[in-house]
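**Student:** Have a look at this one.
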Amino acid sequence: MRRFRLLPASPTLGCLPLTATRPLETFPIGNLPLKDHQLRALAGPWAPSGPVEVYPHAWLEADDVAAFMADAQASALVDGQGAELLLRPGATGTPRVAVHSFLIRFAWDLLVANERALKARTDWTNQGDCHASLYVDGRLSVGAGTRILPGVVIEGDVVIGAGCKVGPNCYIRGATTVGDGCHVGQAVELKNTVLLAKTNVGHLSYVGDSILGEKVNFGAGTIVSNLRHDGQAHRSMVEGALVNTGRRKFGAIIGDGVHTGIHTSIYPGRKIWPGLTTRPADVVDRDLI
């Protein structure tokens with residue numbers, strides 16, 4: 001019998017503003033909550049010799065979990081920075097270092113998790129109403145009730161939820177997840193991005209390497225920058241200090257219910273807290289809290 005226990009969650013200040021309105025363990029990755037991905041990784045054919053405790057903010061890869069379970073003496077599974085992901089109470093062996101699993105510390109770690117989730121996904125089904133002109137170079141999953149209009153181009157691994165409207169003439173690429181009830185419209189480009197449910201990027205916008213929360217509305221011409229002119233890794237403000245994201249491409253983290261005015265420009269690595277707005281032609285060059 002498998003025995004898994006979820007350890008108490010800890011504060012996730014590095015994942016703000018996304019965790020201002022939800023626990024991190026419920027955050028949808030590939031349109032499934034993080035905790036569901038953990039259960040899938042733990043549901044392999046191995047059988048632990050005793051109870052195993054799980055950190056609720058761990059991104060777990062099945063190969064790391066299998067190796068840990070097979071090593072009956074290992075006291076913990078830790079990531080490359082030494083953070084514990086799984087614990088085996090009572091074990092006295094040395095911790096086992098994960099190859100691919102990691103603790104989600106910052107909002108941009110969710111982009112990595114999304115890329116991993118889509119790469120590992122096997123259930124690619126199309127239940128939507130797709131125009132004959134749809135071009136797909138990669139893998140695409142479309143939920144029931146979603147309409148894909150003429151001129152849509154998909155490249156890479158893309159998941160689109162139920163009840164969405166996509167197009168016309170939009171370009172979705174990279175590892176991108178669109179939640180249920182979203183609208184991605186005329187001349188919009190999404191790249192390596194996560195949209196949560198009921199979010200609208202209606203027309204003439206570019207969003208790259210970003211996460212948009214629930215019920216966000218981007219005014220026409222809202223542009224998210226994701227590349228520094230010097231090509232160096234982006235930094236983002238966390239609790240008053242600039243943190244190196246390690247990412248050459250990184251856009252914005254947008255909280256639930258944010259509305260932007262037309263022609264808003266958002267600098268790389270910036271965050272907007274839930275419910276805030278921008279005016280037409282605003283330039284977001286610092287976090288809006």
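**Student:** When the helices in the chain are scored as -39500 (n - 2.57) per DSSP H run of 4 or longer and the sum is shared across all residues, what 222 nm value do you end up with, to the nearest 500 deg cm²/dmol?
**Tutor:** -3000 deg cm²/dmol
**Student:** Going 7 Å from the Cα of R5 in the Cα-to-Cβ direction, what parts of the stretch 26-67 have a backbone nitrogen less than 12 Å from that spot?
**Tutor:** 51-54
**Student:** Next question. Treating only the Cβ of Lys, Arg, Asp and Glu as charged (+1, +1, -1, -1), what charge dipole size does the chain show about its Cα centre? Round to the nearest 20 debye.
**Tutor:** 160 debye
**Student:** Once phi is turned into θ = phi - 60°, what whole-Hz ³J(HN,Hα) does the Karplus curve with 6.51, -1.76 and 1.60 give for every residue of the stretch 172-186, x standing for Gly and Pro?
**Tutor:** 10, 9, x, 8, 10, 10, 10, x, 5, x, 8, 10, 10, x, 3
**Student:** To continue, here is another question. Just how far, in whole angstrom, is the stretch 138-188 from the stretch 97-121 if you go by their alpha carbon centroids?
**Tutor:** Cα centroid of the stretch 97-121 versus Cα centroid of the stretch 138-188: 22 Å apart.
**Student:** Can you tell me the FRET efficiency between Q186 and R40 if r is taken as the Cβ-Cβ distance and R0 is 45 Å, rounded to the nearest 0.05?
**Tutor:** 0.80
**Student:** Pairs of alpha-carbon atoms within less than 8 angstrom and 6+ residues apart define the contacts here; what relative contact order does the stretch 46-180 have, in percent?
**Tutor:** 16 percent
**Student:** Residue by residue through the stretch 98-106, what is 3J(HN,Hα) from phi via Karplus (6.51 cos²θ - 1.76 cosθ + 1.60, θ = phi - 60°)? Round to whole Hz and write x for glycine and proline.
**Tutor:** Residue by residue, the stretch 98-106 yields 6, 8, 10, 6, 7, 8, 7, 9, 10 Hz.
**Student:** Quick one: dipole size for the stretch 9-105, taken about the Cα centre, charges +1 on Lys/Arg Cβ and -1 on Asp/Glu Cβ, in debye to the nearest 20.
**Tutor:** For the stretch 9-105, the charge dipole is close to 180 debye.
**Student:** Continuing with the same structure: What's the exposure ranking of H37, H259, H100, going from fewest to most Cβ atoms within 10 Å?
**Tutor:** Ascending number of Cβ neighbours within 10 Å: H100, H259, H37.
**Student:** Another question, then. Which ³J(HN,Hα) values, rounded to whole Hz and listed in residue order, are derived for the stretch 22-33 from phi using the Karplus coefficients 6.51, -1.76 and 1.60 in 6.51 cos²θ - 1.76 cosθ + 1.60 with θ = phi - 60°, glycine and proline given as x?
**Tutor:** 7, x, 4, 5, 9, 5, x, 10, x, 6, 10, x
**Student:** Order of F102, F218 from fewest to most other C-beta atoms within 10 Å?
**Tutor:** Final ranking by Cβ density, sparse to dense: F102, F218.
**Student:** What FRET efficiency would be calculated for the residue pair E239, T125, taking the C-beta separation as r and a Förster radius of 35 Å, to the nearest 0.05?
**Tutor:** 0.25
**Student:** Taking a quarter of the surface of the convex hull around the Cα atoms of the stretch 103-262, what do you get in nm²?
**Tutor:** Computing the convex hull of the Cα atoms and averaging its projections yields 9.4 nm².
**Student:** Count charges around A233 for me, please; just the other residues with Cβ under 13 Å from its Cβ, Lys/Arg as +1, Asp/Glu as -1.
**Tutor:** Local net charge: +3.
**Student:** Over the chain, consider all pairs of different Cα atoms and compute the Kirkwood hydrodynamic radius from their mean reciprocal separation; express it in Å, one decimal.
**Tutor:** One over the average 1/r among Cα pairs gives 19.7 Å for the chain.
**Student:** Note down the nm distance, to one decimal, between modelled labels 7 Å out along Cα→Cβ at A281 and at T92.
**Tutor:** Going from the A281 label point to the T92 one covers 7.3 nm.
**Student:** Could you work out how much longer the chain between T26 and Q81 gets when fully extended? Use 0.36 nm per residue separation minus the Cα distance between them, nm to one decimal.
**Tutor:** Length difference between fully extended and current span is 17.4 nm.
**Student:** May I ask for the Rg/Rh ratio of the stretch 11-122, computed from Cα atoms with Rh as the Kirkwood radius, given to two decimals?
**Tutor:** Here Rg/Rh amounts to 0.97.
**Student:** Order of L242, L86 from fewest to most other C-beta atoms within 10 Å?
**Tutor:** Ascending number of Cβ neighbours within 10 Å: L242, L86.
**Student:** Tally Lys and Arg at +1 and Asp and Glu at -1 over the other residues with C-beta under 14 Å from the C-beta of T26: what net charge comes out?
**Tutor:** Residues close to T26 contribute a combined charge of -2.
A short reminder: the numbers here are calculations on the coordinates, not readings from a lab. What you see is a predicted model; the values in this text were computed from it and never measured. Note that we place each Cβ from the backbone using ideal geometry, even for glycine, and neighbour counts take in every protein chain shown.
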